[in-house]
Structures are given as C-alpha cells and as structure tokens.
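First the structure, in the form of structure tokens, and then the observations on it.
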Amino acid sequence: MNVADSEEMAMHLMSCGHTETGDMKSADIILVNTCSVREHPENSALSFLGRIKPLKRKNPELKVIFAGCVAQRLKDVIKKRFPAVDLVIGAKDIGKFPEIIGRELANWRIGELASSKALPIRQSSSSPIHDVSSFVTITRGCENFCSYCIVPYVRGREFSLPASGIVNEIKILAGKGVKEVTLLGQNVNSYIDGSGLAVRSSEKRQSSKALDFADLLSEVNKIEGIERIRFISSHPKDFSDKLIDAVAGLQKVCEHVHLPIQSGSDRILAAMNRKYGVAKYMSIVEKLRNKVKDISITSDILVGFPGETEADFKNTLDAVKQAGFDSLFAFKYSPRPGTLAASLKDNVPLETKESRLQRVLHAANTVAMNTNAKLAGTLQEVLIDAREDDGHSGRTRTNKKVFLKNARLSLGSTVTARIVGTKISTLIGETAEGLCGI
Ligand code: 5AD
Ligand code: SF4
C-alpha cells in the first residue's frame, strides 16, 4: 500500500514537471513516505529525517515532505521535533496530495501545478512508473480493528473507490502497455462499489445491487490488454465461496492468494480480534486448493502477541505446515500506541519473540523449498518484468520469481520457461525458441 502511495505521489510530482533523481543531494524536494505498522519502520523513518538535516543545512532551498502513517500519527509534533520538515501529509490526506502539493509548490516557487490542481490523485496519476505491472488502489482505510494494528487509526475508516473509475484507470494503464495489475487495499475482499467516504461500507453492503470484489474482478477480467490480475491483501473472514469461484473461473486472475493467518492458535486469534478460527482458515485453503489448480498461498504471521504461550506458538508451526504456504512474512509483535493490544502487558520476552520468529521462518522455508522442488522440470508461464545483470527475471502466475539467462527477452513479454533450478523463494528457468511466446 505504501509503495503504491509513494508511486502515486511521485507520479503526481512528475506530472507537475519534476523528475526523479537518483542522488538525494541534488534534490529540490525530498518526499519521505512512512509506515507505522511496527515500531521498527517508524524508527527508521524518524532516523532518516535525522540524515536529511545536513542536506537542508547545505541547501536551505531544499523542501522536505513527510508523508504517510507516521506523519499521521505524529503530525502535531513532527515539525517541532524535526524543523527540517516543511510539509506534513498524513496517510488520511494522501488522496488530497495534488491539492495540497499544488498550493505548496506555488508557495515554494519550485514549479507550479496548473491544470491538474483540482484533480483527485487517481485521475492525475494514470501513467505507471513500472511499465509491465501496476498497482491500482481499490479501497482505502480499514475498520477491522485487529487488536494489534494501528492501520485503522492512521488510515481511517474503510471506503471503496468507484468501480467505474477503477475500470477506467485500468483501461488507461492497458493502453500504455501495462500487462498486469495488482488491486490493492487493506482488505480488498470487503470491496463494495459505491461505499464512498460519506457512507460506511457496512451499511452500503446491505445494498444487493452493488458490485462486490468478485464482481469487480470479473469486470477487470474483461479489459483488453491486461493479461494478469492480482490482489492484496485478503482477510479470511471475508473470503467468500463466490470469490473462490471467481479466482478459479476468471482466466486472468492469477493462481495466487495472499491470505494472512497471523496465528495458528484460536485463543490468540480471538485476542487479536481476527473474527475467524484456524478451522475456518483451513477450510478456505482447502477449497482454494481443490478449485484452483496449483494455487500458491502466502501469508503473514505475527509472533509474540501478548499472552502467546509455547503451546499457542506450536499451533502456529502446525498451521504453517498444514496450510503449506509458498512463502511467509513473519514479524515480531510490537505494541502500537492507541491499539487495544497496547493496553495488554507485552509479556513475551524479546529473546522468545526472536527465537519464535526464526523457528517459524525455518518451518516456512522448509515447506517452500519442498513445494518449489516439485516445480523442477515443469513449464511455467513467465511475465518478464525486469532486466538482470546476466539476463532477465519475471514472475510465474503463482507469483514466484524466475531468473532467465536469456538476454534477448523483452520487458512485458510472456514466455514459457522450463524450470531447471529451485530455491526457497526463487526459481531458475530456461527458455528455448520452441518454448517462447505462449
Ligand atoms: N506488530 C508486529 N507486526 C504487526 N503487523 C501488524 N501490526 C503489527 C504489530 N503491532 C503485521 C501483521 C500484518 C502485517 C502487514 O504486519 O502480520 O499482516
Ligand atoms: Fe490491520 Fe487487521 Fe485492518 Fe489488516 S485487517 S490493516 S491487520 S486492522
């Protein structure tokens, strides 16, 4: 989400005539976008501001914009604590970036935004930074209030962007040569068309005519030029059978679902306010595996939530093996101010969190290595999206990165590759003349 927001803001600055510089020292504007989901990225963002200070001393004309979730959380104190910051744009205001920046650019006299001043960010930023694959935000905010999570506080209530605008945006992207879109939101599968800012999505959900997420996928599936559709993130509580059928039946929707489980203990899931148990989660996994051939399932896990015992954690290890995740993002719990869990005693010692993190990653890596090993010798459809030192890389429909030595491939092309090597998170492939161009 933050990567997508950063790209949208950067593209907007580019549409005002600015260009990206690889060298921070030569910049007129430094835009720092920030994440506060855990303590660590928040601290990184703040220490980055410390590194900007000498640049500002050397070049007093330099403008520093501090945006995103940390900006939202600390907006009253940032300028006092970090005088080098010129403008603070909280995560809730990122949608108004063009308006806010238009005003400031005029004040700063470093390029003024004329024509697109009043345009909302989505319409003003329809040119992708990446040519092959693009993020498309479909919902903003979150109102699930998982007890450990700061997102609902810094990003605000959930609302869905209008389906017509999303479809138009993707048509524009397709016209510019984009082959793959990733529909983005904190919880994409609670998407309901029309649940704009003014109306709470849960109220709107009662209207039976509104397009839901599965319907939106089906609309996007019709767009010519788009070859692959992905989405992140999904919440198990909203993963309906209709959505499973859409993933199974819509040709362009890739065989990959990122479905955060967070814990394998029902007791901890309840304390996290996740609104599902392990059995429900595993039933979704089973249905997906039955209906979608060779689907890959990836997940997030948080270790060391307050009160997590060794027995709870062992259930998490079991869940990783049972679900057979293709890849896993695992994190040590850190209390976030204002959340419900922050009022609980953070009673799992740091060393225990660290060792659980290593243990869960080890379990996940073993599963992933075994799953990938089975791909050796198979043919995979690879969308080429990057140049590498000695060839190219791309992704399978199941979102696995494949390295290909072939130097004659072009970005955005789809090739058939034979898998000749497998690792924990990447594959090595070979293309042959006869295999190219499926
Ligand atoms: N501490 C650690 N990890 C967290 N996440 C969310 N909040 C916290 C927290 N307070 C993790 C969850 C989520 C991912 C994006 O970040 O696993 O899925
Ligand atoms: Fe946070 Fe839960 Fe919302 Fe995800 S669904 S952003 S974990 S509150």
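The values are calculated or read from the model by the stated rules, or taken from the named source; none is laboratory data. Every value quoted in this text rests on a predicted model; they were computed, and no experiment measured them. Every residue, glycine as well, gets a Cβ built from its backbone with ideal geometry; the counts of neighbours run over all protein chains shown. With ligands, DNA and RNA removed, areas are computed over all heavy atoms of the protein, side chains included. Shrake-Rupley method; radii C 1.70, N 1.55, O 1.52, S 1.80 Å.
Summary table below
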quantity: Residue with peak Gaussian network fluctuation, the chain [Cα springs, cutoff 10 Å], from GLY95, GLY68, GLY17; calculated: GLY17
quantity: Cα gyration tensor category, rounded, prolate or oblate, for the stretch 238-349 with a/c compared to 1.5; calculated: prolate
quantity: 32 Å Cα-Cα threshold exceeded, pairs from LYS25/LYS80; LYS92/LYS293; LYS179/LYS275; LYS222/LYS287; LYS53/LYS171; calculated: LYS92/LYS293; LYS179/LYS275; LYS53/LYS171
quantity: Cα-based shape type of the stretch 127-190, given that a ≥ b ≥ c are square roots of the gyration tensor eigenvalues and the cut on a/c is 1.5; calculated: prolate
quantity: Solvent-accessible area of PHE66 with every protein chain in place, 1.4 Å probe, in Å² to the nearest 10; calculated: 0
quantity: Relative contact order for the chain, counting Cα pairs under 8 Å that sit 6 or more residues apart, in percent; calculated: 10
quantity: Shape of the chain, Cα gyration tensor, a/c cut at 1.5; calculated: rounded
quantity: Low-density loop positions, trypsin sites (Lys or Arg not before Pro), the stretch 248-343 - DSSP coil, at most 12 other Cβ in 10 Å; calculated: LYS293
quantity: Per residue accessible area in Å² of the chain, where ligands, DNA and RNA are left out and the probe is 1.4 Å; calculated: 46
quantity: Cα-projected label distance for ASN273 with ASP245, points at 7 Å along beta-carbon direction, nm; calculated: 3.3
quantity: Cleavage-rule hits (GluC sites (Glu not before Pro)) in the stretch 348-438: DSSP loop, at most 16 neighbouring Cβ within 10 angstrom; calculated: none
quantity: Spin-label model distance (nm) - LYS58 vs LEU344, 7 Å beyond Cα toward Cβ; calculated: 4.8
